[in-house]
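For reference, the structure discussed in these notes is given below.
The numbers here are math on the coordinates, done by the rules we state, and not lab data. As the structure is a prediction and not an experimental result, all values here were calculated from the model. So basically every Cβ, Gly included, is an ideal-geometry build from the backbone, and we count neighbours across all protein chains shown.
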Ligand code: IFM
């Protein structure tokens, strides 16, 4: 199929509910991250990140996949920007690779590394696309992990220095800055569960990482605000879901509270209220863990932000009882078990629950008012079946985006201030520990040839954007 062909517009109003409630000026974007697409890991002075190291650990990543080439975006950037222009998106959310810009995580900027992002920003602006920078999407310089990583306070100060190097170079052209992407993943998947780089399994260390990630955000935010040459929008992106009790039992209510506490309130409370949630601190205390908070930290962490990025993929019901009827696990901690709703699932085995996005956005608007939100990631992996030309008629992914955009519109109707939706992801890419097998892109990447082919979801997204823009 000719990928430039116009599809007949999908009638969202009958299929998924009205989109009229999306506000004027709503941003339509696509998102990626550096390690997942760039490749060129040893070029122009870039040094290894924790993901370069982790990928070499036998069994850490499915299929032994590595990010050395990824989507070769580093060499194909103008082609990828042209693709975005053809898809009619107005915003591109990308991340900057710390070890490309500041090899080793300390000292001066690497001019060749910064120059890549300089060219990217110019290319975007030249094509009428607004650049949206994420400063950290999980690629910590390996040297900083060797010095202790996020569980160590010093890493927060190193991040603030790095942030300023990028900000000084790009803030004359970039208005919107996200400090961290999904600090929950950095802390929990990286330091508690060992599923992501650096692959540690130490719950206490992960809680220290939470505090230092938030401190890093606050320090960088303060310094960027002070250095801003003009108006800027500063913020952070959190991955959040919904957590509801599976039944009205006290045990299930406690399980939902614990999940919500560690997944959402542990981040939003200090960021927006300047304090950690008392129930979470008490739970941690019972496990002998204290957050390493020093005087003044919470004022820094709660520095005002201009936008909150929301990444949503799923919502859960929780039970406080395991399959065998136990209420505490082998380590003596209360059971927190996700209970399936019986909904259709993506290739990640994640339940598809668009209403959860409405619920999440309205909840955040209610409990943490005063800051606009943008859905900085929403998307799904499916087992794509390309035709002979590489085209994927991904009705499943198209329906996923349509349903989640409609969910955003419902949240806006219910009073949430949501100002954009970014599809995750522009391209099929390196899906971390799942390797290249899980494809989230609205554009297919043939990893043998690096040919990009817009899927049906991309064409639908383009047509929807054009139609809603009027
Ligand atoms: O691919 C990731 C992305 O890097 C962060 N948010 C979730 C996506 C899908 O797992």
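Structure values in brief
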quantity	calculated
Calculated FRET efficiency for the pair residue 345/residue 294, C-beta based, R₀ 45 Å, to 0.05	0.55
Packing rank of 217-224, 86-93, where each peptide gets the mean count of other beta carbons within 10 Å, highest leading	217-224, 86-93
Cα gyration tensor, the range 270-358 - rounded (a/c under 1.5), prolate or oblate	oblate
Nitroxide proxy distance, nm - points 7 Å out along Cα→Cβ at residue 232 and residue 419	1.6 nm
Spacing of the two label points (7 Å from each Cα toward its C-beta) at residue 327 and residue 285, in nm	2.2 nm
Relative packing of peptides 294-300, 72-78 - highest average C-beta neighbours within 10 Å first	72-78, 294-300
